[in-house]
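Enquirer: Supplied in C-alpha cells, the structure appears directly below.
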Amino acid sequence: MRRTITRLGPWQPHAEGLNQIILLLLLDNLPFSTVIRTQIRMQLLHFSLFGDFNNYLAFILSRAKDVPVEIRKVAGLLLKNGLMAVYNLIEPEHQQYIKLQLLYGLGEANQHIRSTCGTTISNVIQQGGILGWPELFHTLLHFLNSGDPNRNGGAMDALSKISENTPELLDSDDAWSGQRPINIFLLELFEFFHSPHANLRKLSLRFVNKYIISMPSGLYTSKNKYLDGLFLLANEPDAAVRKLVCTALLQLVEFHPSVLEPRLKDVIECMLQLNKDNNDVVALEACGFWSKYWDAQIPSENLREYLPRLTLILLSNMAYPNDDDLLADAEVIDAKEDESIPDRYQDLKPQLPCSDEDDDTCTICNLRKCSASALDVLSNVFGAKILLTFMPIIEANLSATGDEAWRDKEAAVLALGVIARGCNNGLYPRLSEIVASLIPLLDHKFTLIRSTSCWTLSQFSKYIVQDSGNKKGYEQFDIVLTALLQRISDTNKLVQGAACSALAILEEEAAEKLAPRLKEILQHLMHPLGEYQKRNLRIICDAIGTLVDAVGEELDQALGSIEFSEFTEHLFSRCITIIEAQQRLAKAHPFSDKDFITCSLDFLSGLTGCFDSGIESLVLQSNLRDMLLKCCRDGAPDVRQSAFGLLGDLARVCPIYLHPRVPEFLYLAVKQLKIPKLEKTISVANNACWAIGELAVQVPQEISPFVTTVISCLIPILHQSEGVEKSMVENSAITLGRLAFVCPELVSPHMEKCMQPWCISLSTTRDGIEKEDAFKGLCAMVKANPSVAQSSLVYVCKAIASWKKIWSTELNTEVCKVMHDYQQMLTNEAWDKFMSDLDPLVKANIAKYLV
C-alpha cells in the first residue's frame with residue numbers, strides 16, 4: 001500500500017492497497033491460529049498509520065459490492081472505531097471523502113450496510129458536531145423525499161442513531177438555520193405511516209415514538225395526524241408494528257394524557273382491538289394500557305360503556321392457550337419426584353414476576369398475570385358494577401363440562417379470586433354459592449384447576465371466617481378447612497404448594513377459631529415434612545409458623561405437654577437433618593441448591609422464637625452449633641442472613657449452648673459489618689448486627705475484645721442513615737445501646753462521634769424490649785460522659801420524647817434521673833431558655849420525666 005501523496009483531483013483508492021486491505025480483512029475472518037491472527041492484525045495496524053487508511057475502509061464499506069457483506073461490515077466497524085479516536089486529526093479532504101461514502105452507503109440495498117453507515121454517521125456527528133457537516137440534514141431530508149426505499153430506510157436509520165447518541169441535536173434551534181430539525185423530519189416521517197413498504201412503516205413509527213416523552217412542538221401540533229396514523233397502523237400485518245402502536249399509546253397516556261382525551265373513544269377502541277390480538281406479545285403490551293389509564297386519573301366514567309367488552313377480553317387472556325400440552329395432561333405427578341412443572345404455573349397471584357423461561361412461554365405467563373392485574377384494578381374502581389355482565393360469563397364457564405372446557409373453567413376460577421376484594425359488596429351475598437361451586441373443583445382431574453381453586457378460596461378467607469359465627473357459616477368454614485387440608489397431600493406439587501399457601505391465609509384470618517381442630521391441622525401439616533422439597537418445604541413451614549402465631553398458647557393446651565414435645569422434636573429433627581445433608585452435598589457440589597438450608601434455618605428461628613424454653617433441651621442435645629458456625633462462615637449471602645438470624649434467637653434462648661464458640665461467632669458477625677459496598681449484603685449485615693446485640697446482653701464477658709471494632713462499623717451507618725435501610729440503622733442504634741450498657745467504659749470515648757445520630761435513630765425506633773436495652777445504654781453514656789451529653793441535649797430529649805410509655809420501672813427511673821441531672825447541670829435561666837426553645841410536642845412528652 002502506497003503512502004498518501006498530494007493529488008490534483010479527488011481521492012481514489014489504489015487497486016494494490018485496496019486489494020491488500022480486503023485480503024487482510026478476509027483472512028482475519030477465517031479460523032486461523034492465534035499466532036497467525038495476531039500477525040494479520042499487526043499488518044492492519046501497520047496500514048492504519050497511513051493517512052488515507054480510513055478512506056479505504058469507507059470505500060470498502062460503501063462501494064465494494066463484489067466483497068462479501070460480512071467483510072464490508074468489518075471494514076465499517078474498523079472505520080467507526082478509528083474515527084472515534086482520530087476524526088478531528090484527519091485532513092479535511094479525507095473527512096469530506098469519508099462523509100460522501102457514508103451518505104452513498106445509506107442508499108445501499110443491503111440493510112446491514114445501511115445500518116453500519118448510519119451508526120458511523122452518528123459517531124462523526126458526535127466528534128465534529130453538526131456545524132462540521134452542515135449539509136447532512138439537507139441530504140437526509142432529500143433522501144426521505146427521494147422515493148427510493150433504500151435511501152428512505154438509510155435516512156431513518158441515520159436519524160435514529162443520531163437521536164440516540166445526541167438526542168438534543170435534533171431538537172435544537174441552532175442545528176439547522178434556526179429551525180428545529182425534529183419538527184421538519186416529523187412531518188416527513190408521518191407520511192411513511194402510509195408507505196407500501198412494511199419496514200419503512202416500522203422505522204418511521206419507531207423514530208417518532210422516541211419523541212413522545214419530550215413532545216416537541218412539531219409532534220404536539222400534529223397530534224391528530226399522529227393519532228390517525230397510530231389507528232391506521234393498529235391494523236398492520238406486522239406484529240412488531242402493532243406492538244409499537246401499543247407502546248406509543250401507553251407512553252401518551254402516561255406522560256401526555258391530555259393529548260388523548262379529545263380522541264379517547266378512538267383510543268379505547270384501538271386498545272380493545274390490540275388487547276385481543278392474536279399475537280401474545282402485542283396483547284401483553286396492550287394490556288398494560290389499563291393500569292396507566294387509572295394512573296393518569298382520566299375519569300373512570302369514560303370507560304364504563306366498554307366494561308362488558310373489556311372484562312371479556314381480560315378473562316379470555318387469563319386462560320392458558322390450547323396448545324399448552326403440559327397443562328392439558330391430567331396425569332398426576334409423584335410428589336417425591338423432582339420439580340417438573342415450570343415455575344410459571346406455580347404463582348397465581350397476578351403481581352408475582354415471571355420466571356426465567358423462553359420468551360414465548362414468559363409472554364403467555366405475563367399476559368395472564370397482566371390481564372388479572374387489570375381486572376383487579378377494574379374491580380376496585382367499579383366494584384360490583386362489573387358483575388352485571390361479568391358474572392353470567394363466569395357462571396357459564398364454571399358450569400361447563402367436558403375436558404375441552406377446562407381452560408375457560410380455570411380462568412373463571414382465577415377471575416373470581418382476582419375480583420374477590422374489589423367486588424366484595426356484590427359477591428358477599430353469594431358467598432355460600434361461590435364456595436359451593438369451588439369446593440368440588442379441589443378434586444378436579446386437571447392440576448391447574450385444583451391449584452387455582454385453592455388460591456381463589458384463600459381470597460375469600462376473610463368473608464368465610466366472618467360468616468363462621470353462625471351454625472351454617474361455621475359448617476361452611478369447616479368444609480373449606482377440611483378441603484384445603486386434604487389438598488396438602490395432593491399427588492401434584494403445584495397443588496400442594498397452593499393448598500399450603502391458602503391454608504396459611506385462612507389461618508391468619510381464623511386465629512383462635514382453629515383451636516377445636518388444631519390436632520388434626522397439625523397432623524396434616526406434619527406428614528408432608530418428610531416428603532416436601534424445595535419451594536413447597538418453605539411454604540409448608542410458613543403455614544406451620546403462621547398457625548403457631550395465630551393460635552399462640554392454645555397450641556400447647558390443645559396438644560398436651562407430651563404431644564407438644566413430640567411436635568417440636570419432630571420439626572427440629574427434620575430441620576437438622578436437612579442442614580446436615582445439604583452441607584455434605586455442598587462439599588461435592590458447591591453450586592447445589594441452598595434453599596433447603598435457608599428454609600431450615602428460618603424455620604428453626606421460628607421454632608426458637610415461638611417456643612423459647614421448650615426448644616432449649618433439643619438445642620443442647622444437637623450439633624446445631626457447629627453447623628450454624630459453618631453456615632455463618634461459608635454460606636451464600638441468603639444462607640448467612642438466615643444463620644445470623646438464628647444465632648440471635650439462640651443467644652436469647654440458650655446462650656450457654658453457644659458459649660464455647662462465641663468468639664468465633666462474634667468474629668464472623670463483625671466481619672459482615674466491615675464488607676465494602678455494604679448495601680449489596682445489607683440483609684446479612686442487618687441480622688449480624690442484631691445477633692451481636694443479643695450476644696452482648698447474654699454473654700457480656702465475651703464481647704469486650706470486639707467492642708471497638710463493632711463501634712467503628714456502626715458509627716458510619718448511623719451517620720449515613722438516609723442511604724441505608726431503616727431496619728439496619730435501627731439495629732445499629734439498638735446494638736450500640738446494648739454495648740454501651742454492658743461495656744460503658746469502652747463505648748464512652750466514642751460518644752462524641754455518634755451521640756446525635758444515635759439519638760436521632762432511637763427517636764424513630766418503635767417501643768419495645770430492644771429499645772429499652774438501647775436506652776439503658778444511653779443513660780449509662782450520659783452518666784459516663786456528661787459534657788458530650790450536654791452538647792447533644794436537644795437530641796437526647798427528642799429520643800426520650802419518642803416513648804409512648806416506658807413499661808420498665810427501672811428504666812423509667814433512670815430516664816427521670818437523666819433529665820434531672822441535665823436540669824442541675826444548667827442554671828435556671830439556661831434551663832428555662834432551653835425548654836422554651838424545644839418543640840412543643842417534645843416539651844410536652846418529656847414533662848412527665850421532670851416531675
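The values are calculated or read from the model by the stated rules, or taken from the named source; none is laboratory data. Just so we're clear, the structure is a prediction, and the values are computed from it rather than from any experiment. Backbone-built Cβ (ideal geometry, glycine too); neighbour counts: all protein chains shown. Surface areas here come from the heavy atoms of the whole protein model, side chains and all, with no ligands, DNA or RNA. Shrake-Rupley method; radii C 1.70, N 1.55, O 1.52, S 1.80 Å.
Enquirer: Counting other Cβ atoms within 10 Å, which chymotrypsin sites (Phe, Trp or Tyr not before Pro) in segment 729-810 have at most 15 and lie in a DSSP loop? Mind dumping the intermediate values first?
Expert: Values: sites: 741, 758, 775, 795, 803, 807; in loops: 803, 807.
Counting only loop positions with at most 15 other Cβ atoms within 10 Å, the chymotrypsin sites (Phe, Trp or Tyr not before Pro) in segment 729-810 are 807.
Enquirer: For a bin width of 5 Å, list the pair-distance distribution of segment 58-149 built from all Cα-Cα distances, rounded to whole %.
Expert: Values per bin, smallest distances first: 3, 14, 27, 26, 18, 11, 2, 0.
Enquirer: Now for a separate question. Suppose every K and R has +1 on its Cβ and every D and E has -1 on its Cβ; what is the size of the dipole of segment 617-758 about the Cα centre, in Debye to the nearest 20? Mind dumping the intermediate values first?
Expert: On the way: 13 positive and 13 negative charges, 52 e Å.
The dipole of segment 617-758 has a size of about 240 debye.
Enquirer: What number, in percent, do you get for the relative contact order of segment 425-522 if the mean sequence gap of Cα pairs under 8 Å and at least 6 apart is divided by its residue count? Each step should come with its number before you reach the end.
Expert: On the way: 89 pairs, mean separation 27.3, N = 98.
Computed over segment 425-522, the figure is 28 percent.
Enquirer: What shape does segment 701-851 have by the C-alpha gyration tensor, where a ≥ b ≥ c are the square roots of the eigenvalues, rounded means a/c under 1.5, and otherwise prolate means a/b greater than b/c and oblate the rest? Present the calculation step by step, with values, prior to reporting the outcome.
Expert: Details: a/c = 1.60, a/b = 1.50, b/c = 1.07.
Taking the square roots of the gyration eigenvalues as a ≥ b ≥ c, segment 701-851 is prolate.
Enquirer: Work out the length of the dipole vector of segment 366-408 about its Cα centre, built from +1 on the beta-carbon of each Lys and Arg and -1 on the beta-carbon of each Asp and Glu, and round it to the nearest 20 debye.
Expert: Details: 4 positive and 5 negative charges, 50 e Å.
Using only the charged Cβ atoms, the result is roughly 240 debye.
Enquirer: Going by average Cβ neighbours within 10 Å, how do the peptides 25-37, 619-631 rank, with the highest at the top?
Expert: Details: 25-37: 12.5, 619-631: 17.2.
The packing order, highest mean first, is 619-631, 25-37.
Enquirer: For segment 391-433, state what percent of all Cα-Cα pairs lands in each successive 10 Å bin, counting from 0 Å until the bin that includes the largest distance.
Expert: 28, 52, 18, 2
Enquirer: Still on this structure: Go through 540, 90 and list them by solvent-accessible area, largest first, probe radius 1.4 Å.
Expert: Values: 540 0, 90 25 Å².
Ranking 540, 90 by accessible area, largest first, yields 90, 540.
Enquirer: Ok, one more. Just to check I understand the Karplus step: with θ = phi - 60° and J = 6.51 cos²θ - 1.76 cosθ + 1.60, what whole-Hz values come out for segment 535-550, glycine and proline as x?
Expert: With the stated coefficients, segment 535-550 comes to 4, 5, 4, 5, 5, 6, 5, 5, 5, 5, x, 4, 4, 4, 5, 6 Hz.
Enquirer: Peptides 235-246, 697-708, 483-494: what's the order by average Cβ count within 10 Å, highest mean first? Please report the intermediate quantities before stating the final value.
Expert: Values: 235-246: 18.7, 697-708: 16.9, 483-494: 20.8.
Averaged packing, sorted descending, gives the order 483-494, 235-246, 697-708.
Enquirer: Whole angstrom only: what separates the Cα centroid of segment 79-119 from the Cα centroid of segment 365-440?
Expert: Taking the Cα centre of each part, segment 79-119 and segment 365-440 sit 60 Å apart.
Enquirer: Can you give the charge dipole size of the chain about its Cα centre, rounded to the nearest 20 debye, using +1 on the beta carbon of Lys and Arg and -1 on the beta carbon of Asp and Glu? Intermediate results must be reported in sequence, preceding the final value.
Expert: On the way: 80 positive and 103 negative charges, 429 e Å.
Charge dipole of the chain: 2060 debye, to the nearest 20.
Enquirer: Another question, if that's okay. Quick one: angle between helix 69-86 and the longest Cα principal axis of the chain, in degrees between 0 and 90, rounded to 10, please.
Expert: The angle comes out near 80 degrees.
Enquirer: Could you tell me which of 747, 697, 774 has its Cα farthest along the dipole of the chain towards the positive end, charges placed at Cβ (Lys, Arg +1; Asp, Glu -1), taken about the Cα centre?
Expert: 747
Enquirer: Given R₀ = 30 Å, FRET efficiency for residue 851-residue 726 by Cβ-Cβ distance, to 0.05? Please list the in-between numbers first.
Expert: Numbers: r = 33 Å, r/R0 = 1.10.
So, using R0 = 30 Å, E works out to roughly 0.35.
Enquirer: What number comes out for accessible area per residue over the chain if the probe is 1.4 Å? Units Å², please. Intermediate values should be presented prior to the final figure.
Expert: Details: 37800 Å² over 851 residues.
It amounts to 44 Å² per residue over the chain.
Enquirer: OK, next. Considering the dipole of the chain built from charges on the beta carbon (Lys and Arg +1, Asp and Glu -1) around the Cα centre, which of 756, 89, 284 is farthest to its positive end?
Expert: 89
Enquirer: So if we plug the beta-carbon distance of residue 84 and residue 709 into 1/(1 + (r/R0)^6) with R0 = 41 Å, what FRET efficiency do we get, rounded to 0.05? Can you show the working numbers first?
Expert: Numbers: r = 49 Å, r/R0 = 1.19.
In this case the efficiency is close to 0.25.
Enquirer: Taking the inverse of the average 1/r across all pairs of different Cα atoms in segment 611-695, what Kirkwood radius in Å do you get?
Expert: On the way: mean 1/r = 0.0783 Å⁻¹.
Roughly 12.8 Å, rounded to one decimal.
Enquirer: Here is a follow-up. Heavy-atom accessible area of residue 599 with all protein chains present, probe 1.4 Å, nearest 10 Å²?
Expert: 10
Enquirer: Convex hull over the Cα atoms of segment 71-225, averaged projected area in nm²? Display every interim value, and only then the final one.
Expert: Working: hull surface 35.7 nm².
The directionally averaged projection comes out at 8.9 nm².
Enquirer: A further question follows. Taking a 1.4 Å probe, which of 202, 783 shows the most accessible area, and what order do the others take after it? If you can, show how the numbers build up before the last one.
Expert: Details: 202 45, 783 110 Å².
Descending accessible area places them as 783, 202.
Enquirer: Moving on to the next point. Each label point is 7 Å from the Cα along the Cα-to-Cβ direction; what then is the distance between the points at residue 224 and residue 173, in nm?
Expert: Label at residue 224, label at residue 173, 2.9 nm between them.
Enquirer: Sorted by accessible area with a 1.4 angstrom probe, largest first, how do 263, 309, 304 fall? The partial results should precede the final answer.
Expert: Values: 263 45, 309 110, 304 80 Å².
Solvent-accessible surface, decreasing: 309, 304, 263.
Enquirer: Still on this structure: If I take every Cα pair under 8 Å that is 6 or more residues apart in the chain, average their sequence separation and divide by the length, what percent do I get for the relative contact order? All intermediate terms of the calculation are to be shown ahead of the outcome.
Expert: On the way: 1031 pairs, mean separation 38.2, N = 851.
Result for the chain is 4 percent.
Enquirer: Continuing with the same structure: Residue 176: accessible area at probe 1.4 Å, nearest 10 Å²?
Expert: For residue 176, solvent-accessible area is about 10 Å².
Enquirer: What part of the accessible area of the chain, given as a whole %, is carbon or sulfur when the probe is 1.4 angstrom?
Expert: Details: 19830 of 37800 Å².
Of the solvent-accessible surface of the chain, carbon and sulfur hold 52 percent.
Enquirer: Shifting gears a bit: Does anyone have the angle between helix 828-837 and the longest principal axis of the chain? Alpha-carbon axes, 0 to 90°, nearest 10?
Expert: In the chain, helix 828-837 runs at an angle near 50 degrees to the longest axis.
Enquirer: Show me 223-231, 164-172 ranked by packing, highest mean number of other Cβ atoms within 10 Å first.
Expert: 223-231, 164-172
Enquirer: Still on this structure, please answer the following. Of 581, 836, 122, whose Cα points farthest to the positive end of the dipole of the chain (charges on the beta-carbon: +1 Lys, Arg; -1 Asp, Glu; origin at the Cα centre)?
Expert: It is 122, whose Cα lies furthest towards the positive end.
Enquirer: So, one more: What is the distance in Å between the Cα centroid of segment 465-534 and that of segment 283-314?
Expert: With segment 465-534 and segment 283-314 each reduced to a Cα centre, they are spaced 36 Å.
Enquirer: For the chain, what D do you get in µm² per second when you plug the Kirkwood radius from alpha-carbon pairs into Stokes-Einstein at 37 °C and 0.692 mPa s? Spell out each step's value before the answer.
Expert: Values: Rh = 33.5 Å.
My calculation gives 98 µm²/s for D.
Enquirer: From the backbone phi of segment 791-804, what are the Karplus-calculated ³J(HN,Hα) couplings (6.51 cos²θ - 1.76 cosθ + 1.60, θ = phi - 60°) in whole Hz, Gly and Pro given as x?
Expert: For segment 791-804, the Karplus-derived couplings read 5, 10, 4, 4, 6, 4, 5, 5, 5, 5, 5, 6, 6, 6 Hz, x marking Gly and Pro.
Enquirer: Can you give the relative contact order of segment 141-223 as a percent, counting alpha carbon pairs under 8 Å and 6+ residues apart? Display every interim value, and only then the final one.
Expert: Working: 71 pairs, mean separation 21.0, N = 83.
In percent, rounded to a whole number, it is 25.
Enquirer: To continue, here is another question. Per the Kirkwood formula on distinct C-alpha pairs, the Rh of segment 1-121 is how many angstrom?
Expert: Numbers: mean 1/r = 0.0684 Å⁻¹.
About 14.6 Å for segment 1-121.
Enquirer: Hand me the GluC sites (Glu not before Pro) from segment 808-851 located in a DSSP loop with no more than 12 other Cβ atoms within 10 Å, in residue order please.
Expert: Values: sites: 810, 814, 829; in loops: none.
Answer in residue order: no site qualifies.
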